Structure formats: C-alpha cells, structure tokens
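Everything below concerns the one structure shown next.
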Amino acid sequence: AGYLGGWWDRAVTWTADVILGFPYLIFMIALGAVAPVEFPRQLLLIVVLGFFGWPRIARIVRSQTLSLTKRNFVAAAKAMGGGPWHVFTKQLLPNLWAPIIVVASLTIPSMIGNEAALSFLGVGVLPPTPSWGRTISRAIDYFETDPMYLIFPGLALFLVTLAFNVVGDGIRDELDPKSKGRA
C-alpha cells in the first residue's frame, strides 16, 4: 500500500485504522463465548488474533516503505529502467525484512498474553489443550494453601514473554546498520 499509493493506500490505511480502533479483546471474549464447542478453538484464536494483529505490522511496514521510496537507490533503480515489480522485489522488500522480523518478534508476546487472558477468562482454548491462562485461573483457588501453583505458571508466562522481547531487541540491534554493536 505504501509503494502503490493512491486508493489502495487509502483503503488499506483506513481498514487498519478501523481494526485498530475496535475493542478486540471484548470481541474475542464474545466470539469465544458463542463459538460452537465443535469448532477448533486454536484455529479461532489464530484467525482472530491474526486479524486484529496485522494492522500494527502493516502501519510500520507502510511507513518504512514510504521512507524507502524516497531514497536514492530507489530513484536510481527507476532511472535505470527498473519496473515497479523489480523496484519492489529487488530494492524495497530486502530492506523491509528487518523491520518486519523485529515487529513480528515483538508482537508475539502480546499475542501470548492475549491467549492467556482469554484462557484465564474461560473463552480461550478448551481442555485438554494446556494454557497458562487456564492454569493461573485454576491456581487462584489454591493460592492461600500453596502459592506455588500460581507463581510457577505466572513466572513461566513472564519468562516466555520476556524472552521474546529480548530476542526481538537482539534482532533489532543485529539488523540495524546504525547499531552501536556493529563494527
């Protein structure tokens, strides 16, 4: 959308803005409550989390694309006779992979937290599929007698989300040419 511009850019940007303005956690709770038991919850969660998660990545990729299209190497590729497909695949896309990977790695922890929140509320994945949210929800009853039932799943959830954030930061530092860590 950022490369093509025009009505396509306006349509994608407007759609992303509408989706970002929607209270998706409420929608996911309602959808999880009314979804038939036979429908695979994992698929439902993947579709809904993906549907509500793409606009954040799309906005960052769009802004990066708008920035890259104004660079000299893109103008040089066009001046040398490169068509739109060549400029997009050979000039822009290789420069967009780093932000896409970084944003995706930093989006994963929020999606893990959303799944845990939905399972905590009882509208996430169904048993016997394991979920930290459901484990934490069940452990609340035992908190006074043995708090470890609550602490360990909460700590595991915290460590996994922290690990994805640290990996995302590391990837960003490694892929950023202006990073201090690169020689």
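Take the alpha carbon atoms of region 30-98, find their radius of gyration, then divide it by 2.2 N^0.38 Å using N residues; give the quotient. Please report the intermediate quantities before stating the final value.
On the way: Rg = 19.2 Å, N = 69, 2.2 N^0.38 = 11.0 Å.
Relative to the 2.2 N^0.38 Å estimate, region 30-98 comes out at 1.75.
Can you tell which of I100, L44, P127 lies farthest toward the positive end of the dipole of region 1-146, using +1 and -1 charges on the Cβ of basic and acidic side chains (Lys, Arg; Asp, Glu)?
I100
Quick check on the chain: take the gyration tensor over C-alpha atoms, sort the square-rooted eigenvalues as a ≥ b ≥ c, and tell me if it's rounded (a/c under 1.5), prolate or oblate. Intermediate results must be reported in sequence, preceding the final value.
Details: a/c = 3.63, a/b = 1.84, b/c = 1.97.
Judged from the Cα gyration tensor, the chain comes out oblate (a/c at least 1.5, b/c at or above a/b).
Just to verify a number: what accessible area does V47 come out at with the full protein assembly present, 1.4 Å probe, Å² rounded to tens?
90 Å²
If each residue of separation counts as 0.36 nm, what is the full-extension length gain between L25 and A75 once their alpha-carbon separation is subtracted?
Working: separation 50, 0.36 × 50 = 18.00 nm, distance 4.30 nm.
Result for the pair: 13.7 nm of gain on full extension.
How much accessible area does K90 have with a 1.4 Å probe, in Å² rounded to the nearest 10?
K90 has an accessible surface of roughly 130 Å² with all protein chains in place.
Quick one: helix 6-20 against the long Cα principal axis of the chain, what's the angle to the nearest 10°, folded into 0 to 90?
The helix 6-20 is inclined about 20 degrees to the chain.
W97 to T145: FRET efficiency via 1/(1 + (r/R0)^6), r the Cβ-Cβ distance, R0 45 Å, to the nearest 0.05? List each step's numbers first, then the result.
Numbers: r = 51 Å, r/R0 = 1.13.
Computed FRET efficiency for W97 and T145: 0.35.
When the helix-only estimate is applied to the chain (DSSP H runs of n ≥ 4, each -39,500 (n - 2.57), divided by the residue count), what is the mean residue ellipticity at 222 nm, nearest 500 deg cm²/dmol? Please list the in-between numbers first.
Numbers: 7 runs with 127 residues, N = 183.
So the helix-based figure for the chain works out to -23500 deg cm²/dmol.
Once neighbouring chains are kept in place and the probe is 1.4 Å, which whole percent of the accessible area of the chain is contributed by carbon and sulfur? If you can, show how the numbers build up before the last one.
Working: 8040 of 11630 Å².
The computed percentage sits at 69.
With all protein chains present, calculate the accessible area of T15 using a 1.4 Å probe and round the result to the nearest 10 Å².
Accessible surface of T15 is approximately 50 Å².
Using Cα-Cα distances under 8 Å and only pairs 6 or more residues apart, what relative contact order does region 31-183 have, in percent?
Details: 110 pairs, mean separation 35.1, N = 153.
Value for region 31-183: 23 percent.
For the chain, with a Gaussian network of springs between Cα atoms less than 10 Å apart, report the residue from M111, M80, M28 with the top mean-square fluctuation.
M80
Calculate the length of the line joining the C-alpha centroid of region 68-135 to that of region 4-40, in whole Å.
16 Å
Determine the per residue accessible area of the chain with all protein chains present and a 1.4 angstrom probe, expressed in square angstrom. Provide the component values of the computation, followed by the final result.
Working: 11630 Å² over 183 residues.
Value returned for the chain: 64 Å² of accessible area per residue.
Could you derive backbone 3J(HN,Hα) for region 79-94 from the dihedral phi with the Karplus parameters 6.51, -1.76 and 1.60 (θ = phi - 60°), listing whole Hz in sequence and x where the residue is Gly or Pro?
My calculation for region 79-94 gives 5, 7, x, x, x, x, 5, 5, 4, 5, 7, 9, 10, 7, 4, x Hz in order.
The values are calculated or read from the model by the stated rules, or taken from the named source; none is laboratory data. No experiment lies behind these values; they were computed from the predicted model shown. Neighbour counts are summed over all protein chains in view; Cβ atoms, including those assigned to glycine, are modelled from backbone coordinates with ideal geometry. To get the accessible areas, we keep the full protein, side chains included, count just its heavy atoms, and leave off ligands, DNA and RNA. Shrake-Rupley method; radii C 1.70, N 1.55, O 1.52, S 1.80 Å.
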